[in-house]
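Inspection log for the structure reproduced underneath, given as structure tokens.
The values are calculated or read from the model by the stated rules, or taken from the named source; none is laboratory data. Small disclaimer: the values here were computed from a predicted structure and weren't measured. In this analysis, Cβ positions are derived from the backbone assuming ideal geometry, glycine residues included, and neighbour counts consider all displayed protein chains. Accessible surface areas use protein heavy atoms only, side chains included; no ligands, DNA or RNA. Shrake-Rupley method; radii C 1.70, N 1.55, O 1.52, S 1.80 Å.
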Amino acid sequence: MLAHPLRLGPGADLRAAIEAAAAEACAAAFVLQGIGSLSVAQLRYAGMPGATELRGDLEILTLAGSVAPDGAHLHMSVSDAQGRVYGGHVAAGCVVRTTAELLLALLPGHSLRRETDPASGYKELVVRALG
């Protein structure tokens, strides 16, 4: 496992930047943790078909997930200026306000893919060792 720290600046799309950084580095990565701030968060809550948009001064409290060449599965919790906390799946369109500081774990000896799982009906993570 190789540690890959990453800092995103104002205006960056959080999800797109994570996927691009992981794709550039290797075919298997995990976001171990992330903190920072957003001006827009797009979160898909459990059981909902689409994302909910949150706007304002938002703090990233937690950010974690897996990143494969065919997509990322990221969860995040954010708090607003009143201290209310929201959490869910990270969708495209989360905009960094001042900074986002992330730690990616790159797994060069592995391959991650998403394949439809017959039991769940969803595309789920498949981990394969290389070589």
*What pairs can you find where one residue is in the stretch 53-80 and farther than 13 Å from LEU14 by Cβ, the other is acidic (Asp, Glu), and their Cβ atoms are less than 6 Å apart, with a gap of 6+ or different chains?*
GLY56/ASP80; SER79/GLU59
*Taking ALA72 as the residue in question, decide whether it is in a strand (DSSP E or B), open to solvent by less than 50 Å² (accessible area, probe 1.4 Å) and out of contact with any Leu (no Cβ under 6 Å at 6 or more places or on another chain).*
yes
*Among all residue pairs at least 6 apart or on different chains, which show Cβ distances below 7 Å where the first residue, located in the stretch 1-25, is touching a residue at least 40 places away in the same chain (Cβ under 8 Å) and within 20 Å of THR98 (Cα to Cα) and the second is open to solvent by 80 Å² or more (accessible area, probe 1.4 Å) and outside any loop (DSSP other than H, G, I, E, B)?*
ARG7/GLU101
_Candidate set: the stretch 110-131, residues that are touching a Gly at 6+ places or on another chain (Cβ under 8 Å) and open to solvent by 30 Å² or more (accessible area, probe 1.4 Å); chosen: the one nearest to LEU61 (Cα to Cα)_ = LYS123
*For the stretch 75-109, how many residues meet the condition of being in contact with a strand residue (DSSP E or B) (Cβ under 6 Å, 6 or more places away or on another chain), open to solvent by 30 Å² or more (accessible area, probe 1.4 Å) and closer than 17 Å to GLY65 by Cβ?*
6
*State whether the residues of the stretch 94-108 include one that is under 18 Å from ASP13 (Cβ atoms), touching a residue at least 24 places away in the same chain (Cβ under 8 Å) and part of a loop (DSSP other than H, G, I, E, B).*
yes
